[in-house]
Each structure stands twice: as structure tokens, then as C-alpha cells.
Amino acid sequence: MSQTYRLNNSGQINRDKKISFKFNGKKYFGYEGDTLASALLANGIHLVGRSFKYHRPRGFFGAGVDEPYAIVQMVRNNETEPNVRATEQELFEGLEAKSVNCWPSVNFDIGAINNFFNKFLPAGFYYKTFMWPKSFWYRIYEPFIRKAAGFGVASTKYDSERYEHKYEYCDLLIAGSGPAGLSGAYAAAKNGARVILAEEKPRFGGSLLTSEVNIGNQSGKDWAEKIIAELKEMPNVTVKNRSQVFGYYDHNMLVMSEKVSDHLPKTKKFSPKQRLWYIRAKEVLISSGSIERPIVFGNNDTPGVVLASAAKEYLKVYGVLVGKKPLVFTNNDSAYETAIEFKKNGIDPIILDSRNAPKSEIIEEAKNLGIEIKFSYVVVAANGYKKVKSAQIAHISSDKRNLGKIEKINCDCICVSGFWTPTIHLSSQSGNKTKFDEKIDAFVPGKSKQNETTVGSASGIFNLEETISTSFEKGYQLSKKITNNDNKVSVPQVSEKKFTNHDKFWCVPLPDKKNFKRFLDFQNDVTVSDIELALREGYRSIEHVKRYTTLGMATDQGKTSNLNGLQLVSDVENKVVPSVGHTTFRPPYTPVSIGAIVGREIGKHSKPTRKSPMHSWHEKNNAVFVDAGMWLRPRYYKKGNEGLFEASKREAENVRKNVGVCDVTTLGKIDIKGPDAAEFLNRVYTNAWLKLPVGKARYGVMLREDGIVMDDGTTTRISENHYHMTTTTAQAANVLSHLEYYLQLVWPDLNVNVVSTTEQWAGAAIAGPKSRSLLQKLFPNKDLSNEGLPFMGYTEGDLFGVPARIFRISFSGELAYELNVQSDFGNFMWEKIIEVGNEFEIQPYGTEALSTLRIEMGHVAGSELDGRTIPYDNGLDGLISKKKDFIGKRSLNREAFIAQSRQKVVGVVPLDKKTSIPEGSHLVKDASAKLPNPKLGHISASCWSVEYNNPFSLAIVKDGKNMIGKKLYALSPLKNKSIPVEIVSSHYVDPKGERVRS
Amino acid sequence: MLYIECPYCGLRSQNEFAYGGDGTVKRPTLNKEVSDKEWDNFVYNRKSPRGKHVELWHHISGCRQWIKVQRDTVTHEIFKTVSADKEI
Ligand SMILES: [Zn+2]
């Protein structure tokens, strides 16, 4: 099909470049510079989708971000994307799009039956219709709604596109490149300010692209082009098109989404699809313009009913006719420009003006051009189902209550204008309380809350001369405030046609005995009668009316509907609009893709990955890794066909029998120095620290002020005023912040410094009965006997030329040591241990074996120190000093903490000695008791005891100390298990701790 | 996102900081007899004032200093920031 609605020589498109695209499977042509909407209209396509609720045919209403109808499902480079506005999507070669919200096709839509059953879909239908009977919900209502509702289908594929975030700082951010934005940007840039000028559309210039004005002896469009060209050359200016400033946040932080590649068939290499800019601006100039609002009349959603400004944009920017027999229906002068533009292109429009004989320059011009104008006339209803075929029009009385005789007039489109609504989203988001401007029946920004200034039609100024002069002045003043420069550029001469007042008229009354649907919200299908019903039902607050009727809740957020909705509420309620108020403007101004919000923080980039220096050795030796916070740790080293269970069992057995080595680099390490370090540790830990000698380590528990255990670990006195603290992997960062808090805020008199050294040391735990013999071979010149380096001893050694720290500490309950070397030598250390350890049958072990070893020894760890337990619960009450005060001590006197039946860690063994108990299982007295079955405690950690070759678990149980020997049940509804168990001591293996001291 | 003036580093975005709660709370001194009520007030009870409020922020991705910030809890306006050893 040829482009029968394309004009031959008007528009700003590139006719030399023809572009082919597909819509609903059919091939069409357009030109470079088209949007999908303009190209479809050029081909005479007006039917693009179906409405949300009634599935009525929907076409195009606007030409940009305010578009409520023309939402399509896009296919670009084999990726599908829902919720794309055809009016914003630029055409590219090979573009494919299809209609949404219609099934089986846009021409024959089964859902349209809703249109005839609309009694079932009144205001609040979400809350009413589908409530009864309950059993219908899952089987009938929900599947029906799922199939029928929604604007497209999200892709289930991984999004292979790249999205970026960018942080930027500037003196002045300008949102919108219309006459106001260009003037402000130019004046500020010339005065030395660092300026970012953002334009949501591909073309700069805003209203200047379509208006017949003259600035500085050139057309508005030429002036805009000249200013932009000059700004682009300036080093202090960043000019961005396809960039929407959509959110105004605290402290002048604004967020802008830049569509870098959406207009291209394929994203270029090294380029993102979209970029999200976080801009901290010293000042913001909001020049976001205004959006035309419609007049409400019968069947005003019929395809072919468009905003007059959109019809003008299609003509002047794209050279496209929205119709060949246009009717222009207006209450103001601006729509005359549309009519004149039709006339200039050889099309005869008819103007219906609700006003009674208004007089102005532009009306005079229209008359002189021979355009037929009917004053005091309105469109009562559009005729036609899938496209406007004619209109029912009538004379209207001056009080706008009575209609004359209905006449029928043939037309193929109705261009409607009900005056202009300033786009105040950004200023409102900044916290600016809006005020109602009677002159334009719309809200305008009030007093600035943050460093923001609104100019141009966004502030309610619809006169170009005033817009340009005030914007130049604002740009100059704001830049002067920031830069202290005083370079003022002259304001160009402006000539424009003067407009007369508009008519405060927004809704055509229904003729007698007619019940046309009159739509307020086109995307969500909210009609005048829906709002009236909601008000009859008692909804008063505009926020409630919005949510009950869904007025303004669709993806266009009611850009064309909100104000008419307010007018209606105020009419029915007999209130003035400002006392009804408006709903809150929340970011984003327009939909932003999830990809842009996520940016590069996706997949493996969603968090940093921390690897120990021995990581590649683990990889080479078939380690299976597990996430431990941000760290990757070997969970087990796979041999042959082994799974987790077999491998970890083998590794743990080898530790008990021979010797094993475990990478413990991830443990938090904090270097503590200063003359008051001992005193500080004495306050941080629950046990005594003042008398720890140099060369000794001690186990310590630290609490939060509320008495809950925060962390545990060993701290070693390296020298007189120097300590090495270890924390658990998970709590490392919190413990450092905790220590800094007390040193900086609570006890600044203590002379102590703390610094994290987690990354600086590589650590290896060597555990097992043969560990001393191995260590002796690693350090042949050191006395490592039980007397030379006793349990909890510390010394330093020379590991084949590398300085090493040697700690005799044990987490596994075996004779064990921990070696630390500078991270750079971590791999060297590890390979030496393995190499020398071979004769002792050494095997590396992972976190799973590590857990097994600590669980059967009854050593508590993260699953017991879970942020809910106190030292007593963990059997750590022996570490509570009675002689000194420490962080959290006072809380331990709380009634619940000293209760006799307090929970405590115990051991749990299944009676059959076979069934493993799932972690998280509840312990109960009676497995068959009625639910909710009273819970006595829970399984915190489970393992396969390698010492006894049967399952063993730790549990935290109420009155734990008196439960030993009791028989209970472990219930896991999740795994559908009920396991008879016996409570035993948590110290299942070597309860006296003889091995570690051997 | 707030813009917080660290007394050591200058103006930095909120995402470099961790919130540290009420900056007016004073820990009872060590080894002092403290009533249950006094202790509860220190550990648990916090006001949620509307308007000016002194709070703690920790510049964890910067200089790692704890600082005091006077902020309006309604408007988020920040009036003053000082180092930990000073009072607002
Ligand atoms: Zn700092």
C-alpha cells in the first residue's frame, strides 16, 4: 500500500531514505525521521489497538509522550518489548510491531463483547465484579482477566541488551528544549554556566517545530536550529536528545533516561541501549512545556479523534494528514493553527468553536483563508466504530447547558482542543506546592521548594514573547548566581499572532435520551458516568476516586485526562477545582524500562565477587563453589562421581584421621593498634582481655547493646600494643563499623586505631592429628611441640622465605593451626602445604566438611549466632565476665534473658540413626498434635557425623538444659517429614576438648 | 538521594553513607548503676521527631568517619554536619 495520507512536500522527514517496517505482520513503508505512528497514519492506518476494559477500537490521540492509545508490542533485533508508544518510537529499517490487548486480532477482538456487557464493568469493577463466588476466581475470572488485560507481553528471555548508569554534575539542568529551554540554556551557557539541556524527543525545539512565529528575523524553527548548533559547540554545554528527565528527587538529584539505541535497528557495539543519568544540578530550569487537553464528548475515543496539536505535528513535522475531511473542534485559538495548516496543504477543514464570536488575529486569518467556522457549535458525538465517519454536531447555548438540533456532518477525523495543561510533574516532584491558575483553568507550580525554576508554558505562560524574555532572564540570573559572571546576551525580537481568551468549557452535555460513552481516561476506559457513580457511592478524596475508578492510573498517568477528571468532580461536588486538589505527581513521568533502572548491576555484576588468592588452585582441583556473602568459597572438592555428601564426608573423615587444609582467607581480619587496645577489647568482648600475654590468642564473643551475640572470633596479641582480630566472614564489615562507632563516638578518649586487613592476609587452616608433623616440615627450625606452641599460642615463622603468622587455633575441634601470609604469597603457601602434606595424606576440605566438623563438636556459628540468641543460649555464658562492664552487659539482666526455661543449644540425633534432619525443622512433643503444633525449638544446623557415622544436628530448644535425654519429633512440613529424635549434648565429639590441646 | 556534607570529604551522595540512627542518644558510662528504664531508653526507645533532628551517618565508602547530621525529617533539608567529637 502506498502512503496515501503523506503530503508531497511538507514535513521534516528525510524523503530520500525510505524505510520498510511491519505492523501486525503486514509490510509498509515510511521515511527516515518518522515515528511508527506517523508512518502508520501516512499509510491510512488508524486502528492500532483495543482499549483496556471494553476493548473498543483505539487509534492515535497524540503525537508524543501523552499518547494514551497507541501502545504496541515491539520486536527489535529479535527481542520483544511491550508497552511501547508508537508516537515515540522512531521508525527504523525492519521494525516490527503488533497490536496489544486484542485477541485474536485487532480487527476482530473477542473482548469487545465487554462493550455490550459494560454493566458488569462499572467504576470499581475490580472490587465488585470478581468477588463472588469465590471459587470462580481461580478457574474463571483470573484466567479471563489475564488473557484479556494488559498492554503486551513481557519477554521471558534474558535481555541481552546493555544498559548503563551515569553520574553527572552541572550548574544548570534544563528539562525541555522548547523556546523556554533554549532561551534559558543559551543565556546561562553564554554566562559560563555548565549546562545540561535535555530533550525527550529526537528533534530539539519543542513547539517551535510546529508554530508559525518569528524570532530574530528567522522562523522559530530556524532560530531553534541555530541556537542548538551553537550550544553543541560550547565546551560547557551538554545537549541530549531522546532524553527524558523523569524524576526530581531530594537535594536536586534528577534522573534522566536516555534512549541511546532504541531508534536503531540494532544497538551498536560498545554502546548501551539506554542510559540512566543521575544528575546533581545546582539549579534546575523546568521548561517541560504543556500538553493539550481534549474536550469531552460522546464516543470521543473513536479512532480519528485526535488532539489538534497532534494533527498539526503530524502535518508540519511528518507531512502526514490524520484525515482528508477534518473537523476541528476547539474552545481556543491554538487549534486554528491546525486548521490553517490543513488549508495550506489543500485540505478544507471545518472549525467548530464553542465560543460565541471571538475575535483575534488568527481567527481573522482563518476567515480570510476561506475556512468555514461555526461559532457556538460543539461536537456531540463521533459516529463510526473503527474510524470516524461523521460527527453529530449542535449549536450550544451560551451557558453551555442546552444543545440545539443535532446535525450530522461528514468528516474522517475530529481534531479537538480544550486548551493547554502545563506539565508540572517535575516541579511538583521537587516538593513545590502547586497553585490553581484561574486564567488557564490549570495547576501551575507554586513557590519553589528546591533550587528549581519553571519557565514557559509549564509555568502557565502561553505568550512566546514573554516566554523568551523571562527565560533569557532566568538563565542569566541563575548562571550569575552560580558562576558570578555577568555576561548578558540580548533577547531576540519575537513576532507572533496574538490569541484571545479561551472558553472555560470542557465537556459537551448529553443530548436528551442519548447515552453516549464520554471518555475521560482513554487508556483505562474511565467515562464520565464512572466518575459520577464513584461520587454517588460516596468517594470524595480525589486520591480515592482515582484508585476506585482507575482514572489516571494507566501508563500515560492521565496526562490528557487528569484535569478533565478534576473538572468533573468539582462540577458534581459543586466545588472549585483547587479545593478538589490533584493527585500526587510521582516519578517516573513516563515509563522507564527495568533494564535502565538495573543498569550494569545484573548477573555477576549485581554484586562484587571476592575471591581468595588461592581461587585458581581451587578451580583447577575441581572445587564446587558456594557464595559466602560476596566471597566464593570451595564447598567441596569433587573427586570422580562424588556428590556433595560423599565428598564432604571424605574430606571431614580425612581431617579426623590424617590432616586437611581449608582456605580461611575470607574470615574478617581487623588490625588493632594503640596503647589502649587491651582496654578497648576488654569493653568490646564479654570476657577478660587485660591480661592476655603477647604471643597468645583468645576466643572472644561480642554483644550488641541489646545483649544479643553480634559475632565471635579469636584475637591475638601480636605485640604489646598490637592485636589481630578475626571475625566471621559474614559479620566482618559490621564489626568494623561497630568498633569505629565506639572509638569515634562513645570512647574517643581511647587511643586505638582499627583497620580492616581481610584482603591483606591469605589464610589456611591445617587441621587433623597429623597437622603438627606437617607444620614441623613447613617450619623445620621452629619449636612447634605442645610446649613450644601450646593451644591458643602464636608465633611467627619463615615459610621457605615468606614471613608467616602461625596461630594454634581450631574450629574443627582437632589439633589445628592457622597460617597467614601476605595475600600475594597465598597461593605459594597453599601449594607448599599441599606439596609437603602429601606424605601425611593431606586433602583440601571445603565449607561443607568445615561445617560437619564444627557441628559435631558443638561449636556455634552463624546459624546459632542468628541475631536472636544471647551467650547463655549458645553455651557461651562461661565467657561472661562478672568483674568488668562491656558492651551489652546490662541487657543480660533482662527478665527474659535470665528466665529459668531459657532456650539453649543442644544436640539432636534421630532415633533410627539414619534419617537426616532438615535444617529449620521444628521440634515438637507430639508429631500428630493439632496445628499449629506448639514449637519447642528449631534445628539450626545438620550434618552427617563422621565420628559416629550417623546424622547429627544442633538445635536451639526452650529449656534446653533440662531437655537432654528427652525424646521429641523433628517436623519439617516443607519436606513432609516427621522424625523421632533424641536430645543429646551439643558436644557430640570430644566433649572435654582434649584433641585441640594434644 | 541526599547530598551530605562530610566534614572530612566534602559533599558526597547518600549512597556513600550508612545511616546510624539518632545522634542525640548518649550511652550510659561503663560500670555505672543504670535503672531498667534508663537502659531501655538507651537501647530501644527512640523518638520519631517531625522536623529538625540530629542523626548519625557513617561515611563507610569514604573516610569511614561517623558524623553528626542535622536534618529535617519532613523536607530532608540538611542544616549542618559536624564531626563526631562536636555537638550540634
Ligand atoms: Zn568522609
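The values are calculated or read from the model by the stated rules, or taken from the named source; none is laboratory data. Keep in mind that what you see is a predicted model, and the values were worked out from it rather than measured. Here the Cβ is made from the backbone with ideal geometry for all residues, glycine too, and neighbour counts use every protein chain on show. Note: accessible area is taken over every heavy atom of the protein model, side chains too, but ligands, DNA and RNA are not part of it. Shrake-Rupley method; radii C 1.70, N 1.55, O 1.52, S 1.80 Å.
Quick rundown of the values:
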| quantity | calculated |
| --- | --- |
| Complete set of residues in the range A:301-316 that are over 22 Å from A:Asn383 (Cβ atoms) and open to solvent by less than 10 Å² (accessible area, probe 1.4 Å) | A:Tyr314, A:Leu315 |
| All strands (runs of 3 or more DSSP E) inside the range A:891-976 with 1 or more residues being under 42 Å from the mean Cα position of the chain (by Cα) and hydroxyl-bearing (Ser, Thr, Tyr) | A:937-945, A:950-957, A:967-972 |
| In the range A:402-438, the residues that are within 39 Å of the chain's Cα centre (by Cα) and without any contact (Cβ under 8 Å) to a residue 40 or more places away in the chain | A:Gly431, A:Asn432, A:Lys433, A:Asp437, A:Glu438 |
| Unique match (being closer than 27 Å to A:Gly558 by Cβ and not hydrophobic (A, V, I, L, M, F, W, C)) among A:Ser2, A:Ser10, A:Ser51 | A:Ser51 |
| Complete set of residues in the range A:721-745 that are out of contact with any helix residue (DSSP H, G or I) (no Cβ under 9 Å at 6 or more places or on another chain), within 14 Å of another protein chain (Cβ to nearest Cβ) and among the hydroxyl-bearing types (Ser, Thr, Tyr) | A:Ser737, A:Tyr741 |
| Selection from the range A:405-435 of residues that are more than 26 Å from A:Glu200 (Cβ to Cβ) and open to solvent by 20 Å² or more (accessible area, probe 1.4 Å) | A:Lys405, A:Ile406, A:Glu407, A:Lys408, A:Ile409, A:Asn410, A:Asp412 |
| Count of the range A:33-88 residues which are assigned to a loop (DSSP other than H, G, I, E, B) and of a type in the set (Lys, Arg) | 2 |
| Flag for A:Tyr699 being assigned to a strand (DSSP E or B), open to solvent by 30 Å² or more (accessible area, probe 1.4 Å) and more than 14 Å from chain B (Cβ to nearest Cβ) | yes |
| Qualifying residue in the range B:23-32 (condition: over 27 Å from A:Val754 (Cα atoms) and out of contact with any Ser or Thr (no Cβ under 7 Å at 6 or more places or on another chain)) | no |
| Some residue of the range A:241-253 being over 20 Å from the mean Cα position of the chain (by Cα) and closer than 28 Å to A:Glu337 by Cβ | yes |
| Number of the condition not met by A:Tyr278 [criteria: (1) crowded, with 21+ Cβ neighbours inside 10 Å; (2) within 14 Å of chain B (Cβ to nearest Cβ); (3) of a type in the set (Ser, Thr, Tyr)] | (1) |
| In the range B:22-34, residue farthest from the ligand (Cβ to nearest atom) [restricted to those that are closer than 21 Å to A:Asn734 by Cα and out of contact with any helix residue (DSSP H, G or I) (no Cβ under 8 Å at 6 or more places or on another chain)] | B:Asp22 |
| Which listed residue, of A:Ala861, A:Ala927, A:Ala849, is in contact (Cβ under 8 Å) with a residue 24 or more places away in the chain and crowded, with 23+ Cβ neighbours inside 10 Å | A:Ala849 |
| Test: residue in the range A:916-928 that is more than 30 Å from A:Met792 (Cα to Cα) and in contact with an Asp or Glu (Cβ under 9 Å, 6 or more places away or on another chain) | no |
| Looking only at the range B:40-82, and only at residues there that are open to solvent by less than 20 Å² (accessible area, probe 1.4 Å) and over 19 Å from A:His738 (Cβ atoms), the one that is farthest from the ligand (Cβ to nearest atom) | B:Gly51 |
| Residue within the range A:243-254 that is of a type in the set (A, V, I, L, M), within 14 Å of chain B (Cβ to nearest Cβ) and surrounded by 22 or more Cβ atoms within 10 Å (Cβ to Cβ) present | yes |
| Members of the range A:224-267 that are part of a helix (DSSP H, G or I), touching a residue at least 12 places away in the same chain (Cβ under 8 Å) and farther than 30 Å from A:Ser428 by Cβ | A:Glu225, A:Glu230 |
| Which listed residue is outside the structural domain of A:Gly184 (by TED's automatic domain parsing) and within 26 Å of A:Lys575 (Cβ to Cβ), from A:Asn402, A:Asn432 | A:Asn402 |
| Residue list for the range B:62-77, filter: within 15 Å of B:Gly20 (Cβ to Cβ) and within 11 Å of chain A (Cβ to nearest Cβ) | B:Cys63, B:Arg64, B:Gln65, B:Trp66, B:Ile67, B:Lys68, B:Arg71 |
| Residue among A:Asp706, A:Asp749, A:Asp712 that is open to solvent by 10 Å² or more (accessible area, probe 1.4 Å), of a type in the set (Asp, Glu) and more than 14 Å from every other protein chain (Cβ to nearest Cβ) | A:Asp712 |
| Counted residues, the range A:445-454 - those being in contact with a strand residue (DSSP E or B) (Cβ under 6 Å, 6 or more places away or on another chain) and surrounded by 21 or more Cβ atoms within 10 Å (Cβ to Cβ) | 4 |
| Meets criteria (in contact with a Leu (Cβ under 9 Å, 6 or more places away or on another chain) and not aromatic (Phe, Trp, Tyr)) for A:Pro980 | yes |
| First in the range B:1-28 and more than 9 Å from chain A (Cβ to nearest Cβ), second anywhere and of a type in the set (A, V, I, L, M) and in a loop (DSSP other than H, G, I, E, B), Cβ under 7 Å, 6 or more apart | B:Asn15/B:Met1; B:Phe17/B:Ile60 |
| Only listed residue being more than 43 Å from the chain's Cα centre (by Cα), of a type in the set (Gly, Ala, Ser) and open to solvent by 10 Å² or more (accessible area, probe 1.4 Å), chosen from A:Ala688, A:Ala652 | A:Ala688 |
| Residue within the range B:3-21 that is more than 16 Å from the ligand (Cβ to nearest atom) and open to solvent by 30 Å² or more (accessible area, probe 1.4 Å) present | no |
